[in-house]
Amino acid sequence: MKDLLKELDLMPNNPGAGTGTGWRETRGDLLESYSPIDGSLIASTQKGMAADYETIAEKAREAFLVWRMVPAPRRGEVVRRIGNAMRSRKKELARVISLEVGKIRSEAEGEVQEMIDICDFAVGQSRMLYGLTMHSERPRHRMYEQWHPLGSIGVITSFNFPVAVWAWNAMIALIAGDTVIWKPSHKACLTALAVMKVIEPVLKAGNVPEGLLNLIIGDRNEVGERLISDHRLPLVSATGSIAMGRHVGRTVSARLGRTLLELGGNNAVIVTKSADTTLAVRAILFGALGTAGQRCTTIRRVIAHRDIAEQLTRSLVDAYRKVKVGNPLENGVLMGPLIDRAAVGKMQAAIGSLKSQGGRVVYGGEVLTGGVYDAGTYVAPCIAEARNHYPVVREETFAPVLYVMPYQDIEEAIFCQNNVPQGLSSAIFTQDVFESELFLSHMGSDCGIANVNIGTSGAEIGGAFGGEKDTGGGRESGSDAWKNYMRRQTATINWSPEIPLAQGIQFGTVE
């Protein structure tokens, strides 16, 4: 561990605030980062305080005035170099992710690859910040829209994707001409520091303004509330709980700012009579157990046709029995620990609620003990029989708890899937084209993501990511999500000697 930290220029105690090309000597409380793998201390961070935030916010504002004038393709060149820096440190960054948040090696490397991929995507997008032209109703007038840089962007990230979600926002914001202030989760601050250390030489060599990419690790009152209340930040992107998102949304909207909210998911997979159940089981296994069930896109509900529900449950139990739970850095391990003991406690409380509401555990759910499990963060993944109306099923338990429930007809299944407060990701397994088309129609899934014959997790960066209802309505990453980070302007040019008014209005004559 010491060698890894040294390679990434991380120290036993690290400053909690930086401007991309320099670090501040922060004097806040000490934040110690313990690995969920074995409970060992990895390193610590000195939190930033209000004065640190103020300095960084002002640096970001000043840097924006310079960065917005850099041609977009040149901004893309900086992002390209950032992506290459990530490539050169992929293994090391992935190992820090595993150590700090407990992801298995392949998932951790996949997250770093996601940062690399979004850099590649953003480089191309830097030459495609397109507007539209419209025909004017007035003679000899030209009308069109254009997109300008927005300003400084606040990005608040969660522990489960400690760097990928930041990259979705930051790399697109950079090519859009914006600067970024990043407030990472306290549970994944070392990963954030490691990323900033990797890209620091790129920023220095690129002669970019200080304050282009900023990081601050601090408490809610000292940093968080200031960030979301700051009029200098026209956009705040926040990933986390629904309660957090509501607070961020209210605060930012009160100052008429914009938000991108990526909040809770309660994702369902419908498995029909015609489905390839072998395919479905394989997809559900990763979707339910990836990141130990701590993804916003985790499969939490399986809605199976009653004729196959019992057999599908047995197949899932058989597959779960083969899943090795343990140290995520070891070969063959498919599920690592939960992020901390508090998460384990919430999972146990949810299972207790399930039982009291009429559900039944058919596999797993217990806390694992002894040997490698002494950290108290390891659990056996759980499969349970449930009904969609149970209060616990309508909530998002951020843990590997999978609810299986039967349905009679496809309309009932879609109603069941949609009848929860969240609306992020959804999927159906079917060989019936009519069922798949219904699922994808306006009568079907009400989620931001709808898949056929694949699971709910593992979205590609080329598509816009986000959901509806209590998921927050935000869209990040691909497609036209870049528009969130820019301001739209409609322009009209009169190349005639007259001043005709729209809608045929006559307003007299100036003598």
*Spans of helices (runs of 4 or more DSSP H) in the range 163-238 with at least 2 residues within 16 Å of LEU8 (Cβ to Cβ) and modelled with pLDDT of 95 or more*: 189-205
_If I ask for residues that are surrounded by 14 or more Cβ atoms within 10 Å (Cβ to Cβ), under 26 Å from the mean Cα position of the chain (by Cα) and over 13 Å from MET1 (Cβ atoms), which ones from the range 24-38 would you list?_
LEU31, PRO36
*The one condition in (1) more than 17 Å from MET86 (Cα to Cα); (2) of a type in the set (Gly, Ala, Ser); (3) under 16 Å from the mean Cα position of the chain (by Cα) that GLY218 fails to fulfil*: (3)
*asked:* Where the second residue is of a type outside the set (A, V, I, L, M) and not in a loop (DSSP other than H, G, I, E, B) and the first is under 14 Å from LEU316 (Cβ atoms) and modelled with pLDDT under 95 and lies in the range 369-391, which pairs have Cβ atoms under 9 Å and are six or more apart or on separate chains?
replied: none
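Got at least one residue in the range 191-207 being hydroxyl-bearing (Ser, Thr, Tyr), in contact with a helix residue (DSSP H, G or I) (Cβ under 8 Å, 6 or more places away or on another chain) and surrounded by fewer than 17 Cβ atoms within 10 Å (Cβ to Cβ)? Break it down stepwise before answering.
Within the range 191-207, the first condition is being hydroxyl-bearing (Ser, Thr, Tyr), and the residues that meet it are 191.
This time we only want the ones that are in contact with a helix residue (DSSP H, G or I) (Cβ under 8 Å, 6 or more places away or on another chain), so: 191.
Still in the list and also surrounded by fewer than 17 Cβ atoms within 10 Å (Cβ to Cβ): none.
Among the residues of the range 191-207, not one is hydroxyl-bearing (Ser, Thr, Tyr), in contact with a helix residue (DSSP H, G or I) (Cβ under 8 Å, 6 or more places away or on another chain) and surrounded by fewer than 17 Cβ atoms within 10 Å (Cβ to Cβ), which makes the answer no.
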_Take the conditions in contact with a strand residue (DSSP E or B) (Cβ under 6 Å, 6 or more places away or on another chain), in contact (Cβ under 8 Å) with a residue 24 or more places away in the chain and open to solvent by less than 20 Å² (accessible area, probe 1.4 Å) and apply them to GLY467. Does it pass?_
yes
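Would you be able to say whether some residue in the range 270-278 is in a loop (DSSP other than H, G, I, E, B), farther than 25 Å from PHE159 by Cβ and either of a type in the set (A, V, I, L, M) or touching a Leu at 6+ places or on another chain (Cβ under 7 Å) (or both)? First the steps, then the outcome.
To start, the set of residues in the range 270-278 that are in a loop (DSSP other than H, G, I, E, B) comprises 272-276.
Add one more test, that the residue is farther than 25 Å from PHE159 by Cβ, and what stays is 272-276.
Cutting the leftovers down to either of a type in the set (A, V, I, L, M) or touching a Leu at 6+ places or on another chain (Cβ under 7 Å) (or both) gives us 275.
Yes: the range 270-278 contains one or more residues that are in a loop (DSSP other than H, G, I, E, B), farther than 25 Å from PHE159 by Cβ and either of a type in the set (A, V, I, L, M) or touching a Leu at 6+ places or on another chain (Cβ under 7 Å) (or both).
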*asked:* Taking the condition of being of a type in the set (A, V, I, L, M) and either under 18 Å from ARG387 (Cα atoms) or free of Cβ contacts under 8 Å to residues at least 12 places away in the same chain (or both), how many residues in the range 317-336 meet it?
replied: 0
*Of all residues in the range 298-315 being open to solvent by 10 Å² or more (accessible area, probe 1.4 Å) and assigned to a loop (DSSP other than H, G, I, E, B), which is nearest to ILE104 (Cα to Cα)?*
ILE308
*What are the residues in the range 358-397 that are part of a helix (DSSP H, G or I) and over 24 Å from the mean Cα position of the chain (by Cα), if any?*
GLY371, VAL372, TYR373, ASP374, ALA375, PRO391
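The values are calculated or read from the model by the stated rules, or taken from the named source; none is laboratory data. In this text, all values refer to a predicted model and were calculated from it rather than measured experimentally. Please note: Cβ atoms are built from the backbone with ideal geometry, for glycine as well, and neighbour counts cover all protein chains shown. We work out accessible area using only protein heavy atoms, side chains counted, and drop any ligands, DNA or RNA first. Shrake-Rupley method; radii C 1.70, N 1.55, O 1.52, S 1.80 Å.
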